[in-house]
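Okay, so here's the structure we're looking at.
What follows is calculated from the coordinates using simple rules that are stated; it is not laboratory data. Since the structure is predicted, the reported quantities are computational estimates derived from the model, not experimental observations. Cβ: placed from backbone, ideal geometry, glycine included. Neighbour counts: every protein chain shown.
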Amino acid sequence: MKVLIAEDDFTSRRLLQKMLSPYGDCDVAVNGEEAVDAFAMAHREGQPYQLVCLDIMMPEMDGQKVLKAIRQQEKDLGIGSRDEAKVVMTTALDSPKDVIEAYYRGGCNDYLVKPIEKSMLLKLLGKYKLASSL
């Protein structure tokens, strides 16, 4: 599994990396623009991400805009919804407005509120069959 962790907070980024690295190769982006560029580069190199952990509140470009850009890239490449990357929004925001925006308008697959619990994250990996050892 190849994972992109888009998170501007160092501690949150390291925690996600530590939780996910036993299950795949993790790349990190510290802002939204970097995340969009990394996602595009991975496709150009023929090694797309299967999982994207995406913070909503990031500098340069927020997570909602990043999500829309990622989904547009996949659409432009002819990638159907069955084969698209699984995107999990990771954020301190837990208002209904944010959840609705992420799911229904942005196209995320799941939403985890910080602090992220390892058991919940691993449950999502199992749900999407992203880690064979779960």
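What stretch of the chain, leaving out the sites themselves, is the longest with no trypsin sites (Lys or Arg not before Pro) in a DSSP loop having at most 12 other Cβ atoms within 10 Å? Let's see the in-between values first.
Details: sites that count: Arg82, Lys129.
Longest run free of exposed loop sites: 1-81.
As I understand it, the dipole of the chain uses +1 on the Cβ of Lys and Arg and -1 on the Cβ of Asp and Glu, about the Cα centre. Which of Leu51, Leu130, Ser12 lies farthest toward its positive end?
Of Leu51, Leu130, Ser12, it is Leu130.
May I ask you to derive the relative contact order of region 2-127, considering only C-alpha pairs under 8 Å and at least 6 residues apart, and to give it as an integer percent?
Details: 188 pairs, mean separation 27.9, N = 126.
Relative contact order here is 22 percent.
Can you spot the aspartates and glutamates whose alpha carbon is less than 12 Å from Lys86's alpha carbon? Ignore those fewer than 8 places along the same chain.
Glu74, Asp110
Suppose only helical runs count, i.e. DSSP H with n ≥ 4. What mean residue ellipticity at 222 nm does that imply for the chain under -39500 (n - 2.57) per run, divided by all residues and rounded to the nearest 500 deg cm²/dmol?
Value at 222 nm, helices only, nearest 500: -12000 deg cm²/dmol.
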